[in-house]
Number of protein chains: 2
Amino acid sequence: MPSRASSAGALDRGDQTRRHILDVAARLFAEKGYAGASFSDLVAGSGLTKGAFYFHFPSKEALALATFADQQERWVDVVSRVAEPSMKAVDQLAAMLKAVCDFCETEVSARCVSRLCFELGEEPRLRPTLTPYLSIWEELIASIVRRGQDEGDIRDDVDAGAVARVSVAAWIGVNDVATVVSGGADLRARAEEFLEILMLGVRTVDGETGGGSR
Amino acid sequence: MPSRASSAGALDRGDQTRRHILDVAARLFAEKGYAGASFSDLVAGSGLTKGAFYFHFPSKEALALATFADQQERWVDVVSRVAEPSMKAVDQLAAMLKAVCDFCETEVSARCVSRLCFELGEEPRLRPTLTPYLSIWEELIASIVRRGQDEGDIRDDVDAGAVARVSVAAWIGVNDVATVVSGGADLRARAEEFLEILMLGVRTVDGETGGGSR
DNA sequence: TTTGACAAACCGACCGGTCGGTATGTAGGT
DNA sequence: ACCTACATACCGACCGGTCGGTTTGTCAAA
């Protein structure tokens, strides 16, 4: 019996450390940004040493990229969890917005994705790695908007892609503004304000069959 | 009788230097952010020396704050220049958006205002200095929206303040996204997309007297 | 079952360079 | 002479990164 199973608790020690490093990095990058969070900060923040860091990641930049990818996955998880097939598209959009607000309120590290995206994106070399992050959201939202059009809740004469692009950008801006004016306290209020105004324009008028609000 | 007037050409040499430093700082802060632009970068970027910098500004932070304030004034100038009393409010909003797009396209340093606002705003101590920047825009836009309501072009049942808050946040997000996905090339397209969708919701329906679109 | 070879995981001292900041010097106008 | 407006030299702390060494876990031969 080459036992097989056993290997638990030992072989994945490295994975655990890697995970820990990623979590700490996400928090610090979210708080201080890429340039603002020094390697020493990261080392001190975890209980580890430089050697451990550089064993798992070849450079600070690579660590940031890995952190970015890791946290992006969490965002995708959070958002896809609210998708119930029975839900109407317009309700799903609202639920998604609520979910990301919850996420931002409970996890300080949530903001690291957008911060890293924009700070690292300054370097044109890294853009191909970063921009898909935005595309994913834009495409996801666009597809839901199109479904909303099929369901008759969203006007047919609006460009689903444009709605998606605007929504993503607005969310990012709302997040930034809320952070600086209130430390994130009024994030939810501002986000709901946006959704309300957006829906004012794209929703079909009650009682109509869809295809323009007048 | 202490001469007074004459002093031209000599006394304002310092002002010129200060101006030059501010311009260089604006460009570098816009490109690299506060933490990313080192003092040495700033010194090297201008043809000057550290001594000159520290004569005019007591610290890097003070320089950043001064740069922020200086560039913010330019934004106010750019926007207020498009305001003609004869213009209808809705047209003025569109003109303002066009003006800020132009500004961002021609002046790379334009972005330093928002970057500094958010990066320095991380420090709660500086928020009281920074947040008025956002309030100014929100209040300016809100007042124009209210005028649009008086003129019957904007629905009475929308909250002008909310429209303003959303617009400012959306603009900031649009600017960020456009920078990272295209280096700013599609800023105008994305900005117009936003205005279109916004207007879809807040504008009164043609032929109606104003006060709700249905 | 012990043992020993080997690799993965981690440590921490150390590197050259750069950070923001200061102290001192000095040219030139008034 | 004195003050403004710079230049220069220098500081300690810290930057991201390297490296030789130690520990920890894996597996196979004895």
Hey, could you check segment A:21-47 for residues that are away from chain B (no Cβ under 14 Å), more than 12 Å from DNA strand D (Cβ to nearest atom) and surrounded by 15 or more Cβ atoms within 10 Å (Cβ to Cβ) and say which is modelled with the lowest pLDDT? A:46
Could you list all residues from segment B:54-63 that are under 11 Å from residue B:21 (Cβ atoms), free of Cβ contacts under 8 Å to residues at least 40 places away in the same chain and under 25 Å from the mean Cα position of the chain (by Cα)? B:57
Residue check: is residue A:158 at the interface with chain B (Cβ under 9 Å from one of its Cβ atoms), farther than 30 Å from residue B:31 by Cβ and in contact (Cβ under 8 Å) with a residue 24 or more places away in the chain? yes
Report yes if some residue within segment B:72-85 is within 16 Å of DNA strand D (Cβ to nearest atom), under 15 Å from the mean Cα position of the chain (by Cα) and surrounded by fewer than 19 Cβ atoms within 10 Å (Cβ to Cβ); otherwise report no. no
Residue check: is residue B:111 out of contact with any helix residue (DSSP H, G or I) (no Cβ under 9 Å at 6 or more places or on another chain), of a type in the set (Lys, Arg) and within 29 Å of residue A:185 (Cβ to Cβ)? no
Report yes if residue A:183 is within 11 Å of chain B (Cβ to nearest Cβ) and surrounded by 21 or more Cβ atoms within 10 Å (Cβ to Cβ), otherwise no. no
Residues of segment A:102-124 being charged (D, E, K, R) and within 13 Å of another protein chain (Cβ to nearest Cβ), which ones? A:111, A:115, A:119, A:122, A:123
Looking only at residues in segment A:80-91 that are touching a helix residue (DSSP H, G or I) at 6+ places or on another chain (Cβ under 6 Å) and at pLDDT 95 or above, which one is nearest to residue A:187 (Cα to Cα)? A:90
Show the residue pairs that are 6+ apart or on different chains and have beta-carbon atoms under 8 Å apart, the first residue being within segment B:35-48 and within 20 Å of residue B:120 (Cβ to Cβ), the second being more than 10 Å from DNA strand D (Cβ to nearest atom) and not in a helix (DSSP H, G or I). B:36/A:122
Scanning for something closer than 22 Å to residue B:81 by Cβ, at the interface with chain A (Cβ under 9 Å from one of its Cβ atoms) and touching a Phe, Trp or Tyr at 6+ places or on another chain (Cβ under 9 Å), does segment B:129-147 turn up at least one residue? no
Qualifying helices (runs of 4 or more DSSP H) (wholly inside segment A:6-85; at least 1 residues being in contact with a His (Cβ under 8 Å, 6 or more places away or on another chain) and within 12 Å of DNA strand C (Cβ to nearest atom)): A:13-36
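The values are calculated or read from the model by the stated rules, or taken from the named source; none is laboratory data. Predicted model, so just to flag it, every value in this text is computed and none were measured. Reconstructed Cβ throughout: ideal geometry from the backbone, glycine too, with neighbour counts over all protein chains shown.
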